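What follows draws every value from the coordinates through simple rules; no lab data is involved. Quick caveat, the model's predicted, so the values are computed rather than measured. Cβ sites come from the backbone with ideal geometry, for glycine too, and all protein chains shown count toward neighbours.
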């Protein structure tokens with residue numbers, strides 16, 4: 001097993017801009033992201049830092065704007081590779097797949113924002129590429145949504161997506177459980193669709 005920690009879009013837009021993360025709150029998730037980065041460095045796990053780019057006229061993530069900048073706590077920490085992206089998945093239009101192959105990585109640990117968007121797109125694509133994936137649920141988060149299709153709270157969005165991830169796409173864990181697995185040199189185990197459905201059926 002060769003892990004890489006993928007730190008997705010920990011940018012000021014999510015802290016002080018128009019896309020504030022609500023759940024879990026950033027005073028929980030940011031310290032866990034930082035803890036994971038520090039632990040990865042200590043354990044010789046490569047860290048990939050990701051930054052989302054939008055056009056200069058965009059209301060969010062406008063390249064060069066304060067909201068586009070990485071949060072200071074992430075920006076000041078060491079990393080092995082930096083990726084700028086314009087799509088949700090970290091794979092699309094970037095060199096991530098080649099970097100993974102060049103570095104013998106077979107397991108991606110995903111932290112950062114947003115759970116249901118860039119994290120989800122990256123997790124699904126990684127799983128489809130045959131990679132093992134880990135998702136640290138307390139080191140990521142979501143805002144609330146409302147549009148013509150409906151309304152969902154940040155807690156609902158985050159809870160539903162982490163549950164779906166764990167049904168087969170990624171092993172979902174807390175940062176502390178991941179740190180313990182790293183220390184022990186162990187993989188985290190994901191669940192499966194069948195058992196996820198059967199448990200829900202028995203609970204009805």
> So, in Å, what gap is there between the alpha-carbon centers of region 119-197 and region 52-98?
Replying inline: 21 Å
>> Only Cα pairs within less than 10 Å get springs; with that Gaussian network setup on the chain, which residue of 166, 81, 116 has the largest fluctuation?
In response: 81
> Within region 103-117, whose backbone N sits under 20 Å from a point 7 Å along Cα→Cβ of residue 160?
Replying inline: 113-117
>> Cut-off 11 Å, label point 7 angstrom out along Cα-to-Cβ of residue 53: give me the residues of region 86-127 whose amide nitrogen falls inside.
In response: 86-87, 94
> Hey, any idea what the orientation-averaged projected area of the convex hull of region 1-50's Cα atoms comes to, in nm²?
Replying inline: 3.8 nm²
> Can you give the extra length, in nm with one decimal, that the chain gains between residue 44 and residue 60 once fully stretched, where that is 0.36 nm per residue apart less the Cα-Cα distance?
Replying inline: 2.4 nm
>> For a test of the definition: using alpha carbon positions, the gyration tensor, and the 1.5 limit on a/c, classify region 25-171 as rounded, prolate or oblate.
In response: rounded
> Taking springs between alpha-carbon atoms closer than 10 angstrom, which of 86, 175, 115 fluctuates most in the Gaussian network model of the chain?
Replying inline: 86
> What residue among 173, 75, 40 shows peak mean-square fluctuation when the chain is described by a Gaussian network model with Cα springs under 10 Å?
Replying inline: 75
> How many percent of DSSP beta bridges within region 3-203 run antiparallel, rounded to 5?
Replying inline: 15 percent
> Rg(Cα) of region 86-137 divided by 2.2 N^0.38 Å?
Replying inline: 1.05
> How compact and how long is region 1-107, expressed as Rg and Dmax of its alpha-carbon atoms in Å?
Replying inline: 14.1, 43
> In vacuo Debye scattering of region 27-75, one point per C-alpha: log10 I(q)/I(0) at q = 0.24 Å⁻¹?
Replying inline: -0.89
> Counting every Cα pair in region 58-116, what percent are over 16 Å apart?
Replying inline: 57 percent
> So how much slack lies between residue 87 and residue 129, counting 0.36 nm per residue of separation and subtracting their Cα-Cα distance, in nm?
Replying inline: 13.4 nm
> residue 195 to residue 177: extension gain in nm, 0.36 nm per residue of separation minus the Cα-Cα distance?
Replying inline: 4.3 nm
>> Return the equivalent ellipsoid semi-axes of region 125-167 as a descending list in whole Å, where each equals the square root of 5 times an eigenvalue of the C-alpha gyration tensor.
In response: 24, 13, 8
>> Suppose only helical runs count, i.e. DSSP H with n ≥ 4. What mean residue ellipticity at 222 nm does that imply for the chain under -39500 (n - 2.57) per run, divided by all residues and rounded to the nearest 500 deg cm²/dmol?
In response: -10000 deg cm²/dmol
